[in-house]
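Step one of this worksheet: look at the structure below.
All of the numbers you see were taken from the coordinates with simple rules; none came from a lab. Note that this is a predicted model, so its numbers are computed, not measured. No Cβ is skipped: glycine too gets one built from the backbone with ideal geometry, and neighbour counts run over all protein chains shown.
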Amino acid sequence: MVNLRELSKNPVRITGGHRLCAGCGAGIVARQTLVAAGNALVVVVNATGCLEVSTTIFPYSAWESPYFHSAFENAAATCSGVEAAYRSLKFQGKVKEDIKFITFGGDGGTYDIGLQSLSGAMERGHKMLYICYNNEAYMNTGIQRSGATPKWAHTTTAPAGKKSQGKVQNKKDLTQIMIAHDIPYVAQSYVGNWNDFMTKVQKALAVNGPSFINVLTPCRLGWGYKPEYTMKVARLAVETCMWPSYEVEDGVYKINVEPKAKKPVTEFLKLQARFKHLFKPDNAYILEEIQGNVDKKWAFLQNRAKSAFGA
C-alpha cells in the first residue's frame, strides 16, 4: 500500500483549470497516476479523447510533464517508439536519466480503435504503462457504444426504446485479453479508491516490461448521474462485483477488494439513467440475466485467485 504522507510530498503534474466536466473521473485518474509516479521523470502519451481535448486547448496545456498527443488508434505505438528511442539513446550514453513512460487512452481508443496498436506494444515488451480510463462508451464524440459498453446500456447508437433495450452485445473483457499477452503486470481498479489505484500504478511502473491498468472511470454525462456521485457509483460497481478490483502479477491472480457483503447489481444500475429502462416491469428478466452473469464471472475470478498460478 502507498503511504499517504509520502504521497503528499510528490509533485502534482496536471494542473487545475482544465475543461473536463464536473464529476469527471478522467482527471482524477490522470492526477493520481502522476502523483503515484513520485519524482520520477515521466513522459505521457495520450490518445485522442475526453482527457486529451479537455486538457490541451491550444495554446494551453494542463500537463507539466513531457506530453505527446496521438490519434485514437496509435497511442501505444507512439509510446513504443519513444520508449525504444530512449533505450537506444541510453545505450549510447546520450541520456543518463531514468524515465518512465505512461500512455492514457479511453475505452474507445483502447478496446476498439487502438487495440491492434496496444496488443503490438505489449507483445514486443516495451517498458511502458498503459492506462485505460474506461468510461464505457465514446463519450467525447456523443456517447456512442463501444466494445466496453455493458450489455443493455442505453447509448446514442444503441438506444433503448420500443424496438430495443439498449446494447445487445456483451462487453469485451479487455483485462483478460491483456493477461493473455503474458506480460508482467495487469490490473483492474476504479475511481473512488485512491489507495488501490495508486498502489497498482506504482507496481506497474516498477516492473521490467509492459504493464496495463484498466480503471473504471464513471462519466456523469454518459452514465446519467449527479456529478457528486462519481465516487459512489464507482464503489458500487465493485461492491456489486460488476467491476472486480484485481491484479495479475507474473500470472498470479489476486483479488484486491472483496466486498464484505456482495450487493445486488440493481444498487449500481439504479443510480444511472443509461439503465433506467431496465426497471420497467417487462424487463425484470434482463436484471436477472445481468445478476446471473455477474455471479458467474465473480465465481470464475475467485477460482482463479485460489490457485497459485491462476490455473
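Annotation: the antiparallel percentage among DSSP beta bridges lying fully within the stretch 4-306 is about 30.
Given the rule -39500 (n - 2.57) for each run of at least 4 DSSP H residues, summed and divided by the residues of the chain, what is its mean residue ellipticity at 222 nm, to the nearest 500 deg cm²/dmol? Show your work: numbers first, answer last.
Values: 11 runs with 109 residues, N = 311.
Rounded to the nearest 500, it is -10500 deg cm²/dmol.
Using Cα springs under 10 Å in a Gaussian network model of the chain, which residue among Leu34, Leu287, Leu269 shows the largest mean-square fluctuation? Sorting by GNM fluctuation, first place goes to Leu287.
The Cα atoms of the stretch 1-95 give a gyration tensor whose axes a ≥ b ≥ c have a/c of 1.5 or more with a/b no greater than b/c, which makes the shape oblate. Rg ratio for the stretch 179-311: its Cα radius of gyration over 2.2 N^0.38 Å, N being its residue count, equals 1.14. Taking other Cβ within 10 Å of each residue's Cβ, how do Val186, Val207 sort, fewest first? Result, fewest neighbours first: Val207, Val186.
Which of the trypsin sites (Lys or Arg not before Pro) found in the stretch 1-80 are loop residues per DSSP with 11 or fewer other Cβ atoms within 10 Å of their Cβ? Spell out each step's value before the answer.
Details: sites: Arg5, Lys9, Arg13, Arg19, Arg31; in loops: Lys9, Arg13, Arg19.
Those that pass, being in a loop and sparsely packed, are Lys9.
Quick one: if the Förster radius is 22 Å, what FRET efficiency do Lys254 and Val12 give, using the C-beta to C-beta distance and rounding to 0.05? With a Förster radius of 22 Å, E is 0.15. In percent, rounded to a whole number, the relative contact order of the chain is 15, using alpha-carbon pairs under 8 Å and six or more apart.
FRET efficiency for the pair Thr157 and Lys232, taken as 1/(1 + (r/R0)^6) with r the Cβ-Cβ distance and R0 = 35 Å, rounds to 0.80. At full extension, Lys262 and Asp182 could sit 25.8 nm farther apart than now, given 0.36 nm per residue minus the alpha carbon distance.
Each residue, Gln169 and Lys306, gets one label point 7 Å from its Cα in the Cβ direction; the gap between the two is 3.4 nm.
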